[in-house]
Amino acid sequence: MQAKVSFRLGAVIGTIIFVTVLVSYLSLGGQLTELLREASRRELHRDLLLNRQLLEEKPAGWLEADSADAWADRVGSALELRVTLIDLQGRVIGDSYIPAKKLSVMQNHRNRPEVVAALQKGYGEESRYSQTVKEQMLYIAVPVGRPKPRALLRFAKPLYDNGIFEKGIRKSIEQGLFFALFFSFVAGLLGAFFLARPLRNLAEIARKRLRDDLSGTIPVDRQDEIGMLARAFNTMSDEIKKMRRSEEWFRAVFSGIREAIIVTDAAGDIILVNPAASRIFRIEGAMFKSRPLRHLSDSRLEELFSRVHKSHLALIKEEMAFETTKGRRIMQISSMPVMQGERFDGTVFVLNDITKLRNLERVRRDFVSSVSHELRTPLTSIKGYTETLLEGAMHEPEHASAFLKIILQESEQLTALVNDVLDLSRIESGRIEYHFSAVDLRTVIAKSVDQLRLALEKKAVRLDVSIADDMPQLHADSGYLEIVVRNLLDNAIKYVDAEHGKIRISAFRNGDFVQLDVEDNGIGISKQDLGRIFERFYRVDKARSRELGGTGLGLAIVKHIVLAHKGHVEVRSRVSQGSVFSVLFPVVADSTVNRN
């Protein structure tokens, strides 16, 4: 660790020194280039002005092509420059780099930047690559003639000479730069090595902390910055130990709480989510982790949290229904602001799932309402006919007999209702003791058909029973299996038309189950009723059901008995075409023994 720190510190120090030297080199190099260019420009400009003055003192014949080219050659050779004379139309009449016989084929220079500037401003300068001489050149042009310009004089100097001189200087600087780099890194490494020696203990303790080892402390025997760092490190280690113990304690407490707990900070972000809340709202990650409120799965709950956070008020048992991982749940939400003196520091939210409680209350209310309604109808009928008999109808034999038959029928209906309610109550409470054994479904079906034969003959219903030859025995309670078959057959008889009714009972093996189908061609069940057909007191045709003596509890009893046998029940139906009730019971396995 010490070698790594030394190397890094040395690299940093050396790099700083090297970068400083490099920046200086680049800055000086740029300044050198600019100084060379400026010196060349000034020298060229001075020679140009001097020769313009000499040229203006010559007689007018110097503008002739031969004289102009000869003068340009003499001056260019003396000054080692390219000298060009250009007339006002842009034709080259003399050039020290171009033979006289080729001047006529040269391009017109009227649009050259330095020529245009010289005509407009009296001075033109341009650096560019010359297509004529194939070199990078510095051009300076001025007009010649008094009082009006008669031509233009242009001097050009190759920049190649400046580049050679500049390269020589840069090469010397680069050699010095290399040695500066080497010595800067050596000096940096040596200085960093001695600076890093006191950090060895800090590095070792830090390695322990990374491995969750909080043992040991750093010796504090210095009063400089390293000593201050060691004392701060020891203090932080002690605080980490305390925080670790507190976190473990809080984690254990919050994990054991069944209610969902969510804590927000002063900014409104979630900073704590216990496992119950994580499961309900699909919030992933650690318990103590900062998250924005949008991680909540319901926008209304997010809005409630935001409103409570902004108001800094306590929330007491506010109920809200929303979708969770367990489906639609009803939550009772309470909150308490966390205050540090006068400063608001966040909010603690507690969400209690009261879905089962509210469902039980609703079921209880519905059950009491349904039972009251079902009892009121036969009791009202019995009371009415009894009062009629007492008022004198008992002395009229033809009316008294009919009234007594109605009273008897209503009493039987009332008795059947009470018995079904008691049976369903025992089944739902789990107090029934089932005696499971190997049961022959064929025998149970035959017995149920015999019990309901009078009802079948009375309505002239056609019954067809089809049982597979290889039918295995069921693992069931024979008595309650008989109740299931009888209720399904009785239900089918009630809802088929007299003389045209058809009922088919079929049984066959379906994997590890035996499937029993009871099919009829009765009135059928609409789609909106299919989902509620197994509810208590639910009837598709209430008037017809009461008329036929139905209590509305038969299919609810069937469902609970089948579920107690670890089976399954379902219904398929179309209005005016009939229904098919399918029940699946597990078959007897080789290792199955009779048990309660």
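Restricting the search to the stretch 303-357, which residues are crowded, with 18+ Cβ neighbours inside 10 Å, in a helix (DSSP H, G or I) and touching a helix residue (DSSP H, G or I) at 6+ places or on another chain (Cβ under 9 Å)?
Phe305, His309
Looking at Val23, Val5 in this structure, which one is surrounded by 12 or more Cβ atoms within 10 Å (Cβ to Cβ), modelled with pLDDT under 85 and closer than 30 Å to Leu190 by Cβ? Quick ask: steps written out before the conclusion?
Numbers: Val23 fails: surrounded by 12 or more Cβ atoms within 10 Å (Cβ to Cβ).
From the options Val23, Val5, the qualifying one is Val5.
Does the stretch 472-482 contain any residue that is of a type in the set (A, V, I, L, M), surrounded by fewer than 21 Cβ atoms within 10 Å (Cβ to Cβ) and under 19 Å from Phe581 (Cβ atoms)?
no
Across the stretch 451-476, what is the number of residues that are of a type in the set (Gly, Ala, Ser) and not in a strand (DSSP E or B)?
Qualifying residue count, the stretch 451-476: 3.
Considering only helices (runs of 4 or more DSSP H) fully contained in the stretch 477-586, which possess at least 1 residues that are over 26 Å from Lys459 (Cβ atoms) and modelled with pLDDT under 90?
Filter on the stretch 477-586 gives 478-494, 527-530, 554-564.
The values are calculated or read from the model by the stated rules, or taken from the named source; none is laboratory data. Just so we're clear, the structure is a prediction, and the values are computed from it rather than from any experiment. Positions of Cβ are generated from backbone atoms using ideal geometry, with glycine treated the same way; all protein chains shown enter the neighbour counts.
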